Amino acid sequence: MLKILDRYIIKTFFGPFFFIFSVLFFIFIVNIIWVQLGQFMGKGLSYWQILKLLFYLGVSVISLVLPLTILLASIMSFGEFGERYELAAMKAAGISLTRVMAPLMGVATVLAVLLFLFSNNIIPDFQKKAKNMLFNIAQTKPALNFTPGQFIDQLPGYMVKFDKIYGENGENIEGVFVHRKASTYENQQSIVAEKGKFVPAANKNFLKLELYNGYIFEDNFAGKGENVRLKQPDQAIKFDTLVSHFDISEVINKAIEKEQITDDYRFQTYGQLNETVAKNKKENAAYFENISSDVLSQTNSVITYMDKTKSKVMAKQQVKLDTVKEDKKLEMIYNAYNRLDNLKTTASGKKNEFGSNIKYFSKVVIYQQRIISYSVTCIIFFLIGASLGSIIRKGGMGLPVIIAIIIFIIFYVMNLGIENISWGGGMSPYLAAWLPNLILLPFGIWMTYKALTDSQLFDAEKYKALFKPITKRFSKNKEHKRYQ
């Protein structure tokens, strides 16, 4: 009997689970597209390459999507049990709420373990693929990847400069200069035009450029003697419209998934991150020791200098500003103050370097600890979701969704705020990675206790009765009137 009930509970849970997971995954993917859209446009990528890149980027969001899915699915499942009075029937049959929660608690634990294995073994590899693919897209797809006002050598064999780039996709240009890189025995050629635009070419291996109102300057005397050059100047050809094709097959045919970036902590497993953290601790200790000795030596030098130049005679009269440099002692004091300013500048620069090292160390530690902490979040969110669902007794996509979103936003904001504090050195990164869980765990235990004791936590009538003595004082008693 209980096995049949367990199967029914698990089946009821996985119904909304898969639906919610797919919806949330789609929402996070849309967010990634919105953020990364500028890197896709004008790069000549195929649909398959874009889908592959989005998949690589989307895999990493599963660590956030799965806990939220468990929270929402558990609220909806137990809310439906309460709304259809199935939970009351189970309790009437002598089955406690803890026994009803037991099979789904096992499911949540299995999902937490799977999330850890996924985050530890699969996400780092996809992070590497995504980052390298983004890097290669930026490097190997230069069709519209130009900076106005700068000489760019991304087109093989050419040096180009555009004074202005505009248009919906950056296809229009003004102030065009194109110079062909030629050897000693090749003709030199430069093209200058007032404006132009990029036009889609029939062959993707070529970049098509239409130029308007310009000149072609060409030297046709490559390899010839200097006397021949002096007799006839270089040619200048005026044009109204000029269509040029630039061969970029060498660039496009590069492997877009070639791994050029391999040194990143996000590409490592939990065990590898342990080695990275230990190595970073040693490097930071040596670095901080060098900073301390450097600043201390400069401080001692300034103090020693000021002690030697300190005047023991009291000044008898006010010194004029235009005579300060003529006085030897005042000049030495002036130099001492300059040394103090230099020391202050040095200390400020070292502080910035010190802060960047702390921030990097915190990022590595928080990323490592979240491989485990997000798995624990799945279990905590299940406790909260199952308890809330049995208390509110409402299924569907209404109130449960609102409550789940509020809880997740609180969790996400805590994550970001505590993370920023840790980056600034105000908190241990180990504590920062686990603090949101430590805050939500007591809340989850309290909600479970309320659910086990059949608390009317969300009963509006209960709160009305609580405030009734107060509202009664401000309300006027109305006399009953008889109907005639």
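Among the listed pairs Lys11/Lys131; Lys129/Lys363; Lys131/Lys181; Lys11/Lys363; Lys128/Lys282; Lys128/Lys359, which are separated by more than 30 Å between their Cα atoms? List each step's numbers first, then the result.
Numbers: Lys11/Lys131 38 Å; Lys129/Lys363 20 Å; Lys131/Lys181 32 Å; Lys11/Lys363 39 Å; Lys128/Lys282 26 Å; Lys128/Lys359 21 Å.
Distance filter (> 30 Å) returns Lys11/Lys131; Lys131/Lys181; Lys11/Lys363.
Express the carbon and sulfur contribution to the solvent-accessible surface of the stretch 375-439 as a percent, rounded to the nearest whole number, probe 1.4 angstrom. Can you show the working numbers first?
Numbers: 2020 of 2620 Å².
Carbon and sulfur: 77 percent of the exposed surface of the stretch 375-439.
Largest first, the residues Lys11, Lys91 sort by 1.4 Å accessible area into Lys11, Lys91.
When peptides 416-425, 270-279 are ranked by their average number of other Cβ atoms within 10 Å per residue, the highest-first order is 416-425, 270-279.
The values are calculated or read from the model by the stated rules, or taken from the named source; none is laboratory data. Just so it is clear, the structure is predicted and the values come from calculations on it, not from any experiment. With ideal geometry, Cβ positions are generated from the backbone for all residues, glycine too; neighbour counts draw on all protein chains shown. When the accessible area is computed, the model is the full protein with side chains, heavy atoms only, and any ligands, DNA or RNA have been set aside. Shrake-Rupley method; radii C 1.70, N 1.55, O 1.52, S 1.80 Å.
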